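The structure appears right after this line, and notes come after that.
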Amino acid sequence: MNSAPNGQPAIIHTERGLTIAGTRITLYDVMDYVTAQYPPKFIRGLFNLTDSQIAAALAYIEANRPEVEAEYQTVLKEAEELREYYEERNRDLIARLATKPPRPGMEAVWEKLQAQKAKHQAQLQAQT
């Protein structure tokens with residue numbers, strides 16, 4: 001693994017996967033932006049990384065591209081499966097909540113929210 005200036009590894013393996021040392025940022029987080037071809041300076045600023053941290057992350061990705069890419073695809077697949085699971089699991093709950101009347105005293109806010117939703121839906125339909 002790449003080393004930081006202090007001799008410690010710059011990229012470590014945690015329960016979350018390959019992670020930039022001293023942060024909770026995984027290389028998979030960075031990969032989202034690398035694959036979208038964002039410039040390193042933008043990625044560094046987005047995650048509030050130092051120059052050496054982003055350099056180490058990008059160097060590690062480049063030096064180990066096949067392995068990192070394989071893990072990244074696994075992470076993307078698992079995230080999609082989780083999204084689908086929770087969407088299905090919560091579908092009935094969301095439908096039930098949508099039919100509940102507003103709490104007492106919140107009627108005006110509820111009406112405003114419903115009007116905004118209708119306006120948004122109309123805009124979406126006009127775009128298609």
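The values are calculated or read from the model by the stated rules, or taken from the named source; none is laboratory data. Just so we're clear, the structure is a prediction, and the values are computed from it rather than from any experiment. Because the Cβ atoms are built from the backbone with ideal geometry, glycine has one as well, and the counts that use them run over all protein chains shown.
Select from segment 21-68 the residues that are within 18 Å of Pro9 (Cα to Cα), out of contact with any Leu (no Cβ under 8 Å at 6 or more places or on another chain) and hydroxyl-bearing (Ser, Thr, Tyr) and list them in ascending order.
Selection gives Thr50, Ser52.
It is to be established whether one or more residues within segment 4-11 are surrounded by 13 or more Cβ atoms within 10 Å (Cβ to Cβ), of a type in the set (A, V, I, L, M), part of a helix (DSSP H, G or I) and out of contact with any Pro (no Cβ under 7 Å at 6 or more places or on another chain). Explain how you work it out, then say what you get.
Within segment 4-11, the first condition is being surrounded by 13 or more Cβ atoms within 10 Å (Cβ to Cβ), and the residues that meet it are 4, 9-11.
Going one step further and asking which of them are of a type in the set (A, V, I, L, M), we end up with 4, 10-11.
Remaining after also requiring part of a helix (DSSP H, G or I): none.
No; the residues of segment 4-11 include none that is surrounded by 13 or more Cβ atoms within 10 Å (Cβ to Cβ), of a type in the set (A, V, I, L, M), part of a helix (DSSP H, G or I) and out of contact with any Pro (no Cβ under 7 Å at 6 or more places or on another chain).
Mind checking whether some residue in segment 88-102 is assigned to a helix (DSSP H, G or I) and closer than 30 Å to Gln8 by Cβ?
No: segment 88-102 contains no residue that is assigned to a helix (DSSP H, G or I) and closer than 30 Å to Gln8 by Cβ.
Filter segment 50-100 for residues that are within 27 Å of Ala118 (Cβ to Cβ) and more than 21 Å from the chain's Cα centre (by Cα) and give the result.
Matches in segment 50-100: Arg91, Asp92, Leu93, Ile94, Ala95, Arg96, Leu97, Ala98, Thr99, Lys100.
Please state which of the following conditions Ala63 fails to meet, knowing it meets all the rest: (1) surrounded by 13 or more Cβ atoms within 10 Å (Cβ to Cβ); (2) of a type in the set (A, V, I, L, M); (3) modelled with pLDDT of 95 or more.
Evaluating Ala63 over (1) surrounded by 13 or more Cβ atoms within 10 Å (Cβ to Cβ); (2) of a type in the set (A, V, I, L, M); (3) modelled with pLDDT of 95 or more leaves (1) as the failure.
When you check Arg83 against the structure, is it in a helix (DSSP H, G or I) and not assigned by TED's automatic domain parsing to the domain that holds Ile25, yes or no?
For Arg83, the condition - in a helix (DSSP H, G or I) and not assigned by TED's automatic domain parsing to the domain that holds Ile25 - is met.
So which residues in segment 64-106 are closer than 20 Å to Leu27 by Cα and in contact with a helix residue (DSSP H, G or I) (Cβ under 6 Å, 6 or more places away or on another chain)?
Matches in segment 64-106: Val68, Tyr72, Val75.
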